[in-house]
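Q: Below you'll find the structure I mean.
The values are calculated or read from the model by the stated rules, or taken from the named source; none is laboratory data. A quick note: this is a predicted structure, and the numbers were derived from the prediction, not measured. Cβ placement follows ideal geometry from the backbone for every residue including glycine, while neighbour counts extend to all protein chains displayed.
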Amino acid sequence: MKDVQEFAEKLLSNVEKVIFGKTEEIRLIILALLCQGHVLIEDVPGVGKTMLAKAIAKSIGCSFRRIQFTPDMLPSDVTGVSVFNQKTREFEFRPGPIMANIVLTDEINRATPKTQSALLEAMEERQVTVDGVTHPLPVPFLVLATQNPIEYEGTFPLPEAQIDRFMMRVHLGYPSAEEEVSILEAQQFVHPIERIGQVVSVEELLRAQERVKEVHVSDEIKRYIVEIINATRKHPDVYLGSSPRGSLALYKTSQARAAVSGRDYAIPDDVKELAVPILAHRLILSASARLREVDSRQIIEDILYSVPVPGSKAL
């Protein structure tokens, strides 16, 4: 898996020239990219979410589009529209911004549920249907959606079915004081995004995605993943636990984490490191847990502590 490891390291080091001090968060998004998954970035404005998406697209040399969601946006503003051409006397499809390799959907919870649902087919089936005609999306295809967890006025919370389609949820957070000084210095004359170039190709990404699927996952690791998922469904503070899509996401990202670490086999640490970003956003807490302000991330950490790790011995 040395080729996958080198691919991830080149991509990570290039993106870090733009986004400072967020190595683990960038690495998580690279794992999602290798697994052909989508990412929900939940954070306050101004922490670099848009620049992160642009830096990844520029590093790969693929197409990038940004969609700023607003309450008056229509589904056709996302997917595209059929327009009648008077010369040819036929309808022509004019693609929307979703027709790109990497799509940043900014403030996704500001769009109405009807517009949000336009993303469902694109994210899951990797195609859009306009006026009864299906149009395939380009390959690779990654949705990076953002939402502000603080301001809820004028927003429409994402339904469970759509949240479940995001492979992982990532929080960037504020930079440290030293990192913020570095940001100021880096942007004195020109933004770092203008200085970085392509370091990997789309063909290399597609090869890496196929290589990740070859990582061996033992029966013990598979059972460990399923036991963690079952524990989310039985936890007293959880009204609705993770779906099988969550177990698949944890399985695939564990393979990717092993590959970027240079291994052709997964270990329990791969599962444990990814459980929170993969599963926490899929849990629907009970009413009493919400009143007590229980954090879903803490629930996942408690489950990891209680579920026996393969190969460990009981004390």
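Q: Can you list residue pairs whose Cβ atoms sit under 9 Å apart, with the first residue in segment 166-187 being under 20 Å from A249 (Cβ atoms) and in the same structural domain as L119 (by TED's automatic domain parsing) and the second being surrounded by 15 or more Cβ atoms within 10 Å (Cβ to Cβ) and of a type in the set (S, T, Y)? Count only pairs 6 or more apart in sequence or on different chains.
A: M167/T253; M168/T253
Q: Now for a separate question. Could you say whether any residue in segment 177-186 is modelled with pLDDT under 90 and not in a helix (DSSP H, G or I)?
A: no
Q: Also, quick follow-up: Taking E121, is it surrounded by 15 or more Cβ atoms within 10 Å (Cβ to Cβ), acidic (D, E) and more than 27 Å from V271 (Cβ to Cβ)?
A: yes
Q: Can you tell me which residue in segment 54-95 is farthest from the chain's Cα centre (by Cα), limited to those that are among the small types (G, A, S) and at pLDDT below 90?
A: S82
Q: Run down I225, I267, I229 and say which single residue is among the aliphatic types (A, V, I, L, M), over 26 Å from Q162 (Cα atoms), in contact (Cβ under 8 Å) with a residue 40 or more places away in the chain and in contact with a helix residue (DSSP H, G or I) (Cβ under 8 Å, 6 or more places away or on another chain).
A: After applying the criteria, what remains is I267.
Q: Considering only segment 241-303, give the helices (runs of 4 or more DSSP H) lying wholly within it that have at least 2 residues that are basic (K, R) and farther than 18 Å from E42 by Cα.
A: 244-260
Q: Going through segment 108-137 one residue at a time, which ones are in a strand (DSSP E or B) and either in contact with a helix residue (DSSP H, G or I) (Cβ under 6 Å, 6 or more places away or on another chain) or closer than 18 Å to V39 by Cβ (or both)?
A: V128, V130, listed by residue number.
Q: Contact list please: Cβ distance under 6 Å, first residue in segment 293-312 and without any contact (Cβ under 8 Å) to a residue 60 or more places away in the chain, second residue β-branched (V, I, T) and assigned to a helix (DSSP H, G or I), pairs at least six apart or on different chains.
A: Qualifying pairs under 6 Å: R297/V276.
Q: A further question on this structure: Please state which one of K87, K49 is among the basic types (K, R) and surrounded by 21 or more Cβ atoms within 10 Å (Cβ to Cβ).
A: K49
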